[in-house]
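What follows is a short report on a single structure.
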Amino acid sequence: PRPVPTTINVVGNPAGKVDLKLTPSTLDLVPNQEATITLEIAGGTSHITTAQVEIAYDAAKIGVPTVSFGTFLSNKLEDVKTDNNKIKFTLVAPFTEGGVTGSGVLATIQIKPPVAGTSSLSFTEGTT
């Protein structure tokens with residue numbers, strides 16, 4: 001299976017958009033096997049100034065994830081929160097740059113499922 005990008009409209013620029021995707025799109029893991037999921041962003045020529053991310057997960061199935069920031073947007077506006085079965089964080093471009101173009105890694109997500117079963121990670125309405 002191929003990753004399915006999620007399109008987010010760029011605030012203040014109705015013609016601009018970015019794509020977010022989680023890679024790999026599927027994993028086959030056994031209990032207590034660690035895995036890394038990469039959160040990628042692609043904005044083309046759109047100037048990306050902020051990424052507010054909210055991803056829903058099932059802690060009973062995948063455990064509590066650990067998030068490390070990537071290099072695409074270099075400043076965190078808030079620390080990562082992993083509570084109520086949601087990962088939440090906001091990253092911003094340096095204020096002097098006026099936004100970043102292109103694509104890159106926003107974050108990596110480490111999971112370690114405690115039990116066998118099927119689960120998913122999904123972007124929520126809190127992702128802008």
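Okay, here's what the table says:
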quantity: Top-ranked residue in segment 26-43 [being among the hydroxyl-bearing types (Ser, Thr, Tyr) and over 17 Å from residue 127 (Cβ atoms); ranked as most open to solvent (accessible area, probe 1.4 Å)]; calculated: 26
quantity: Residue 52 among the polar types (S, T, N, Q), at pLDDT below 95 and in a strand (DSSP E or B); calculated: yes
quantity: Candidate set: segment 81-101, residues that are in contact (Cβ under 8 Å) with a residue 24 or more places away in the chain, surrounded by fewer than 19 Cβ atoms within 10 Å (Cβ to Cβ) and touching a Phe, Trp or Tyr at 6+ places or on another chain (Cβ under 8 Å); chosen: the one nearest to residue 55 (Cα to Cα); calculated: 86
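The values are calculated or read from the model by the stated rules, or taken from the named source; none is laboratory data. Only a predicted model underlies this, so the values are computations on that prediction, with no experimental measurement involved. Methodologically, a virtual Cβ is constructed for each residue, glycine included, from the backbone with ideal geometry; neighbour enumeration extends over all protein chains shown. Keep in mind that these areas ignore ligands, DNA and RNA; they rest on the heavy atoms of the full protein, side chains included. Shrake-Rupley method; radii C 1.70, N 1.55, O 1.52, S 1.80 Å.
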